[in-house]
1. Suppose every K and R has +1 on its Cβ and every D and E has -1 on its Cβ; what is the size of the dipole of the chain about the Cα centre, in Debye to the nearest 20?
2. What accessible area, in Å² to the nearest ten, does a 1.4 Å probe give for Trp300?
3. Which of the lysines could be linked to Lys122 by a straight reach, that is with a Cα gap under 27 Å, when you skip same-chain ones fewer than 8 residues away?
4. Where does each of Lys377, Lys130 land when they are ordered by accessible area, with a 1.4 Å probe and the largest first?
5. Could you grab the relative contact order for the chain? Cα pairs under 8 Å, six or more apart, rounded to a whole percent.
6. At 1.4 Å probe size, with no ligands or nucleic acids counted, give the accessible surface of Met392 in Å², nearest ten.
7. What is the distance, in nm, between label points placed 7 Å from the Cα along the Cα-to-Cβ direction at Ser374 and at Thr166?
8. Using a Cα-Cα cut-off of under 26 Å, which lysines could be cross-linked to Lys225, ignoring same-chain neighbours fewer than 8 residues away?
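The values are calculated or read from the model by the stated rules, or taken from the named source; none is laboratory data. Quantities reported herein were computed from a predicted structural model and do not represent experimental measurements. Cβ placement follows ideal geometry from the backbone for every residue including glycine, while neighbour counts extend to all protein chains displayed. Keep in mind that these areas ignore ligands, DNA and RNA; they rest on the heavy atoms of the full protein, side chains included. Shrake-Rupley method; radii C 1.70, N 1.55, O 1.52, S 1.80 Å.
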Amino acid sequence: MRVYKGSAFSLLIAFSGASQAVEQQPVISAPDSSCCFTSPFFSQSSMTLLFKNYWKYLKEENANPKRVHNAWGQGVALDYQSGYLADIIGVDADYYGVAKLGASDYFNSRGVLYSHGAANQKSSAHGYTKFGQRNIKLKLHPADATVNARWGWQKIKKTGVITSSTRLSPTTYLGWTGAMQYNALTLRGAYVERSMARNSPDTMRFQTNAGNYINHIATGDVQWKNETLNILYGYGESHQYLRRQLVLAQWTPSERLSFGSQIYRTHALDAYSSMPASKRDFDNNAWHVAADATWKGERWSSKWGVAYTEARKKDEVGFFPRHMSKQSFGNFISMAYAGDDYMRDGELVLSNLSDYALTPDLSVGLTGNIAQFSYRKNHVRTGEISAFTRWMPVRDLTLWAIAGPGWSYKAQGKTPVLHNGRYDRTHTLSSEIIVEYKFKIF
């Protein structure tokens, strides 16, 4: 809404009658339209400009002799958040623009550039522009509770069984979200029908692995959180496709030490069970359980995790799917989610993430995973290790880099391809560099 500043005016009322003296009435000043900008809707609004350069690379040989997946782009994001009119209603809107800087064949797996054209061809890589977020927000304060709600295109951060993922722009969803908080208790919910991928301006419907449309995804969670204990139970369903329950817990007995656990159960519904076996990740049910521990020192921290997956599939190696459908992202925080997803049936994985602050602005670290599962008398081992660094030379400027090798196996889907009864080991190399700068316009 555009508002123009007006000038003050006065009004004189004269002539009470022809025979009476003229009487000057008090001057009535019209309100200066600039007072509109003193409303919290305007005065508490903000706008941030973000520049982000993103390069992501993978070389692997799991399915073919060798594949290089490479994508490089430059992004800009303009984020507007209004205040609240009457302390009740407001609006948010985000604009994203991405320019292609470089790409190889198979670039689309990196989630950085827009794929438009022949699949897996570097000539199909493009930049894009979009209004990824545009929504109405509401808040209320009944009694001692706080209620928030949004309707429209929006990011969703770890709500129930879904979340948003970000590259040069985030995954956004069309629908509503809501939350109510009362002391240590929080209830949240979401109902979404469409999405825009993190690397695309296209509006998409949710789909099954077989390409059939899913009407909606509905989810919610309840959380109890105090100074030392945080417990969350979530439930959600992609309509007639997958149903998921999750329990997340974190205990922080001291400032330096914390423990976490995650339990995920996914159940196949009719639309999933009716797909051909080649399209299914598992047959009926899939479980993933994980635990972790974190220690934080003065200049260093280390997080260790262990996880196990059960996802049975007849005659093949099953897999626990993180996402509730195509075109959505699952809320999944286990350390088994890494460069490779260590969530195959019967797979046990040990993970670590450690970092050290060389200076207040510069830190370095190592992260790695090592895993094993059994298949036809083979103990199949996979893993990776990477070194990373994070540097903030000035406020609001961040440089991030990570690179390292990995090892996996020749596969069809997730099932090892055997030669003379043995699986073939393969090697990978992955890296990414991110340079991000943002500043507040107002």
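1. Taking the Cα centre of the chain as origin, the dipole is about 1100 debye.
2. In the full protein context, Trp300 sits at about 120 Å².
3. Once the sequence-local lysines are set aside, what remains near Lys122 is Lys52, Lys56, Lys59, Lys66, Lys100, Lys130, Lys279, Lys326, Lys410, Lys414.
4. Sorted descending by solvent-accessible area, the residues read Lys377, Lys130.
5. Relative contact order here is 11 percent.
6. Ignoring ligands and nucleic acids, Met392 comes out at about 60 Å².
7. 4.4 nm
8. Leaving aside lysines fewer than 8 places away in the same chain, those within reach of Lys225 are Lys137, Lys139, Lys155, Lys157, Lys158, Lys296, Lys303.
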